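Comments concern the structure below.
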Amino acid sequence: MSPRAGNAGPHTLAFVESPVQLLNVLEWAHTHAPGAGLTLVVLSPVDPMTRGQLRRMAELARQEGHQVRWEEARGGATAPFRTVGGLTASLRRADRIVMGDPFSRYVQLLLTITRARELVVVDDGTATMEFVTQLARGERLVRWHRKGTRPGPRDLLFAPVSSSARRRLTPTRDRRVSVFSSMPIEETPDGVTVTANGFAWTRARFGPPRITKGADMVGTSLVETGVVDGDRYLEAVRGLAKTHGATRYFAHRRESAEKLHRLAVETGLEVVRPDLPLELIARRGPIGRTILSFPSTVVHTLPLALAGTRVRVAVCDIDPDWLTRNASPRARGFLSGVTGTARDVHRLSAVPSAG
């Protein structure tokens with residue numbers, strides 16, 4: 001047992017499904033529970049790149065004195081039953097639940113079991129902005145890129161659990177709810193406490209980085225989620241790289257191997273698959289003097305993680321013509337809002353032609 005794990009105080013159980021969620025749990029613990037160990041449950045996905053990053057982040061969590069419980073939550077048809085059954089006792093004993101993705105069906109199911117009097121939502125990127133808005137308006141919890149689409153059979157089947165989770169995430173006299181976020185929160189639900197994530201742990205643990213003269217690009221999974229057309233995206237990446245002299249492309253963990261291969265061949269960019277969240281990669285360095293990005297979480301987080309350095313983050317808007325026919329009606333406004341609310345970034349309104 002680590003020295004912190006026996007610390008007296010609230011028994012905290014944290015659930016994460018991505019490397020960024022795990023990073024933000026560490027940031028929350030550094031700010032709100034210094035010296036108090038927590039039990040961190042990784043509900044492991046099947047994607048190899050995500051699993052690899054989660055393994056690395058889990059080691060960092062152990063080094064910080066936290067207990068890590070790795071659950072093969074998606075390892076076959078019976079895995080959810082084993083996972084939920086194995087966690088039930090811990091859920092009922094926990095005084096505080098920390099979660100990275102309130103939209104997750106897994107997390108929503110686990111929320112129906114817990115008796116915790118304190119619930120904390122840490123950032124899962126830009127989805128946090130949508131979660132807080134939906135909670136404030138009493139709407140059903142649905143991811144932004146699916147909003148406006150008709151619920152499928154699985155959505156309808158899971159609706160009672162989702163409704164129960166939304167009620168659990170609504171503060172009462174006996175239950176506190178808070179959000180720990182680096183995102184701009186415009187509508188705060190009644191009774192919900194919002195505190196800022198300034199990436200203090202990241203800055204204390206890594207860097208400052210060595211800064212190179214060139215530019216680096218940050219990839220996005222907007223093509224994979226069906227929001228942006230693949231050919232238009234490739235054309236935009238080519239134009240940005242040529243104009244700004246970018247040499248490296250940091251792939252998002254959800255980007256497909258086929259797309260990345262084509263991108264490397266047609267743009268000449270070196271595709272890098274990071275082994276840690278980009279905030280840590282950038283802080284550790286070396287990193288370009290300019291970081292180019294499309295609307296995503298990093299336009300909010302990188303300026304915080306790189307505070308005190310001379311790195312410039314530049315964000316390129318998504319042209320409405322790039323959107324696919326299947327993109328939800330909410331997509332255009334949401335992506336524009338992600339860019340428009342970003343602080344300390346340079347805004348690029350158009351992508352020059354690479355021709």
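The values are calculated or read from the model by the stated rules, or taken from the named source; none is laboratory data. Because the structure is a prediction, the values reported are computed rather than measured. When we count neighbours, we look across all protein chains shown, and the Cβ atoms used for this are built from the backbone with ideal geometry, even at glycine.
Residues L135, L91, L54: which one is in a helix (DSSP H, G or I), touching a Leu at 6+ places or on another chain (Cβ under 8 Å) and surrounded by fewer than 23 Cβ atoms within 10 Å (Cβ to Cβ)? So that I can check it myself, show each step before the final result.
Details: L135 fails: surrounded by fewer than 23 Cβ atoms within 10 Å (Cβ to Cβ); L54 fails: surrounded by fewer than 23 Cβ atoms within 10 Å (Cβ to Cβ).
The conditions single out L91.
Determine if segment 340-354 includes at least one residue that is within 28 Å of T50 (Cβ to Cβ), touching a residue at least 40 places away in the same chain (Cβ under 8 Å) and not in a loop (DSSP other than H, G, I, E, B). No: zero hits. In the set (1) basic (K, R); (2) in contact with a helix residue (DSSP H, G or I) (Cβ under 9 Å, 6 or more places away or on another chain); (3) within 18 Å of V20 (Cα to Cα), R74 fails one condition alone, (3).
When segment 226-239 is filtered for residues that are surrounded by fewer than 18 Cβ atoms within 10 Å (Cβ to Cβ) and not acidic (D, E), the ones remaining, listed by number, are G226, G230, R232, L234. In the condition set (1) in contact with a helix residue (DSSP H, G or I) (Cβ under 7 Å, 6 or more places away or on another chain); (2) modelled with pLDDT of 95 or more, Q63 is compliant with all but (1).
Entry remark, segment 185-207: residues being more than 23 Å from T133 (Cβ to Cβ) and loosely packed, with under 13 Cβ neighbours inside 10 Å number 1 in total. Looking only at residues of segment 240-257 that are surrounded by 15 or more Cβ atoms within 10 Å (Cβ to Cβ) and within 21 Å of the chain's Cα centre (by Cα), we find that the one that is nearest to E59 (Cα to Cα) is R253. Taken together, the residues in segment 325-339 that are at pLDDT below 80, of a type in the set (K, R) and part of a loop (DSSP other than H, G, I, E, B) amount to 1. Taken across segment 31-42, residues that are touching a residue at least 40 places away in the same chain (Cβ under 8 Å) and out of contact with any helix residue (DSSP H, G or I) (no Cβ under 8 Å at 6 or more places or on another chain) do occur, with at least one present.
Yes/no per residue for (1) in contact (Cβ under 8 Å) with a residue 12 or more places away in the chain; (2) crowded, with 22+ Cβ neighbours inside 10 Å; (3) under 20 Å from the mean Cα position of the chain (by Cα):
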{"position": "K259", "(1), (2), (3)": "yes, no, no"}
{"position": "R262", "(1), (2), (3)": "yes, no, no"}
{"position": "T267", "(1), (2), (3)": "yes, no, no"}
{"position": "P277", "(1), (2), (3)": "yes, yes, yes"}
{"position": "R284", "(1), (2), (3)": "yes, no, yes"}
{"position": "V311", "(1), (2), (3)": "yes, yes, no"}
{"position": "C316", "(1), (2), (3)": "yes, yes, yes"}
{"position": "W322", "(1), (2), (3)": "yes, yes, no"}
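For segment 108-124, a tally of residues being surrounded by 22 or more Cβ atoms within 10 Å (Cβ to Cβ) and either part of a helix (DSSP H, G or I) or out of contact with any strand residue (DSSP E or B) (no Cβ under 8 Å at 6 or more places or on another chain) (or both) returns 4. Set side by side, the residues A331, A342 differ, and just one is surrounded by 22 or more Cβ atoms within 10 Å (Cβ to Cβ) and under 23 Å from L23 (Cβ atoms), which is A342. Within segment 287-300, the residues that satisfy the criterion of being surrounded by 22 or more Cβ atoms within 10 Å (Cβ to Cβ) and not in a loop (DSSP other than H, G, I, E, B) are I287, G288, I291, L292, S293, V298, V299, H300.
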